[in-house]
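The values are calculated or read from the model by the stated rules, or taken from the named source; none is laboratory data. Source: prediction; values computed, not measured. Neighbour counts are summed over all protein chains in view; Cβ atoms, including those assigned to glycine, are modelled from backbone coordinates with ideal geometry. Side chains are part of the model used for accessible areas, which takes the heavy atoms of the whole protein and leaves out ligands, DNA and RNA. Shrake-Rupley method; radii C 1.70, N 1.55, O 1.52, S 1.80 Å.
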Amino acid sequence: MSSGGGLKKKESDLEGGGGSQNEKYHDDVHEDTGEVGYYVDENVVRTDEFGAGDSLYARLQRMAGRFGVEQRGIERVPSDERTDSSMSKIGTLWMSANMVVSSFAIGALSIPIFYLGFVDTALTIIFVNILGILPVCFFSTFGPRFGLRQMVLSRFWFGYYGVKLIAVFNILACLGWSSVNVIVGAQLFHAINPNMPGWAGILVIAVSTLIVCLFGYRIVHAYERWSWVPCLIIFLVVLGEFAHSGQFNSLLPLATGPTEAGSILSFAASVYGFATGWTSYAADYTVYQPVSRSRTSVFLWTFGGLFIPLVFTELLGAAVMTATISNETYLNAYFDSGIGGLLAAVLVPPLGRFGEFCVVVLALSIIANNCPNIYSVSLTLQVLAKETQRVPRFVWTFLGTCVYVAISIPGYDHFESWLENFMLIIGYWLAIYEAISLGEHFVFKRGFGGYKPEDYTNPKALPPGIAAIIAFAFGIMGAALGMSQVWYTGPIGKLCGGPEFGGDVGFELAFGFAFVSYLGLRALERSYFKR
């Protein structure tokens, strides 16, 4: 494997330096033999260098260091600082982030929004989640190998300047996810205490998330290590109480015809958008894993951490929502207080105060769901410009929190329409991102051996990004042709379902248009620019 700039053999003892902590060397793994070698990287910034000097940035970083706040932003993690030896942390992070009421809400959308039965909903949830999480699992394997965050890695696919467009989309996604999630949590608070306004619940969850995310990677992982456990227990209580109530309606018909096909396609787009939404920051949570970590192990831990909670909670949400077909109590609870009201209707009547406690815990589960969003938005903001990189990560964490709170409060009363439309749009742009990234990785770089990670700050060594941006535009065209939204249905989307609503094939066409156009455009770009 070429490492660009001279792979140093281990026998050389790092040019006589004995592996000093001050040497700017990185490990790398040979693609064929799996052996670890070393190469010089002049762009390495060690943790003890962040607070050097008398600038405002240095003073803020020294203050952060005194309180144990992570100082590293998008700078590459040196190999000797990649000491996170626990593989299970990868799985538990995603387990906690998805064993939450937001995932439950996705499954619950199938009946009031898409008019599906339980069987067709269940099949869609299982198979589309697999499709959606595969890119997350794949890109998670890049973190240990290169020590670079996901948006920085994206420079190798979109170019140093082209990635700024992707960063803008990712910032909007992180803030949008956070807003949607915190509204769900606030609804749960309101369901058990009608006197608690939506904005108060939003602030409780947002401030709690901020406290965790301020400290960075290790504290986020520490929090996510166990936060899935109480949520799983309470979801099992929900399952038991709902099953005991006899309200599950398994006889909803499995319809056929164009209208059913369109509903399945549109619901699948929402499920895909939620599952694949972690793709654009997948590597952020494995960068401190050792460079020699097995890619297969990282992939499988990520897959398990995503698939199990997503399928379990979404199926449970769909099952509970079937009760609204024939039970007015459940139906009124849903329309009065949304998902929170529905869960309260299951838990509070039979369990009383303990049921209310369970609802509160589920509301607080949103913290685990929002931690990856708010941690990663701070890193993505640093990718926009050299000036934003000079703002410490924890400052961006605070500002990002303020922004999504400001978005959430006015959006509190329009949750269902926000959630449906937002999931679909997320699916569109991430399908384009995945098409271009995977095309570059497999066709042009031909795997991990085609990367020179030390070039991540050198625009002249990275792809120009012209092909990627044009292909991104083609992907948007595909999404526009295939989308089926309340506010717009594309000409192909109209043909994929019933005459009234059509069916959403936006993310499929977005991927196809972007992938095919990128292959042709990138071949021309490489022949002209030679990079």
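Answer yes or no: is there a residue in region 368-377 that is open to solvent by 20 Å² or more (accessible area, probe 1.4 Å) and either in contact with an Asp or Glu (Cβ under 7 Å, 6 or more places away or on another chain) or not acidic (Asp, Glu) (or both). No. Just one of the listed residues (Ile325, Ile339, Ile367) is more than 23 Å from Ala275 (Cβ to Cβ), of a type outside the set (Gly, Ala, Ser) and touching a residue at least 24 places away in the same chain (Cβ under 8 Å), and it is Ile325.
Residues in region 177-207 that are surrounded by fewer than 22 Cβ atoms within 10 Å (Cβ to Cβ) and outside any loop (DSSP other than H, G, I, E, B): 6 in all. Annotation note: Cβ proximity below 7 Å between a residue of region 424-441 that is open to solvent by 10 Å² or more (accessible area, probe 1.4 Å) and a residue that is assigned to a helix (DSSP H, G or I) and of a type outside the set (D, E, K, R) (sequence gap 6+ or interchain) occurs for Tyr428/Ala479; Tyr428/Gly506; Tyr428/Phe507; Tyr428/Ala510; Trp429/Phe169.
One residue stands out in region 68-79 among those that are open to solvent by 10 Å² or more (accessible area, probe 1.4 Å) and touching a residue at least 60 places away in the same chain (Cβ under 8 Å): the one that is farthest from Ala363 (Cα to Cα), namely Ser79. The set of residues from region 492-515 being farther than 21 Å from Ala471 by Cβ and among the charged types (D, E, K, R) comprises Lys494, Glu500, Asp504. On the given criteria, is Pro112 at pLDDT 75 or above and open to solvent by less than 10 Å² (accessible area, probe 1.4 Å)? Considered against the rule, which asks whether it is at pLDDT 75 or above and open to solvent by less than 10 Å² (accessible area, probe 1.4 Å), Pro112 comes out as no. Has region 87-94 got any residue that is at pLDDT 75 or above, basic (Lys, Arg) and open to solvent by 20 Å² or more (accessible area, probe 1.4 Å)? Checked region 87-94: at least one residue is at pLDDT 75 or above, basic (Lys, Arg) and open to solvent by 20 Å² or more (accessible area, probe 1.4 Å).
Going through region 115-138 one residue at a time, which ones are open to solvent by 10 Å² or more (accessible area, probe 1.4 Å) and small (Gly, Ala, Ser)? Correct list: Ala122 only. Mind telling me which of the residues Val311, Val291, Val348, Val359 ends up being buried (at least 24 other Cβ atoms within 10 Å of the Cβ) and of a type in the set (Val, Ile, Thr)? Matching residue, one of Val311, Val291, Val348, Val359: Val359. Any idea which residue in region 483-531 is surrounded by the fewest Cβ atoms within 10 Å (Cβ to Cβ), counting only those that are outside any helix (DSSP H, G or I) and among the basic types (Lys, Arg)? Only one residue tops the list, namely Lys530. Ser208: touching a helix residue (DSSP H, G or I) at 6+ places or on another chain (Cβ under 9 Å) and closer than 20 Å to Leu384 by Cβ, yes or no? Considered against the rule, which asks whether it is touching a helix residue (DSSP H, G or I) at 6+ places or on another chain (Cβ under 9 Å) and closer than 20 Å to Leu384 by Cβ, Ser208 comes out as no.
Put simply, of Phe398, Phe354 the only residue that is surrounded by fewer than 18 Cβ atoms within 10 Å (Cβ to Cβ) and either touching a Pro at 6+ places or on another chain (Cβ under 6 Å) or more than 30 Å from Tyr217 (Cα to Cα) (or both) is Phe354.
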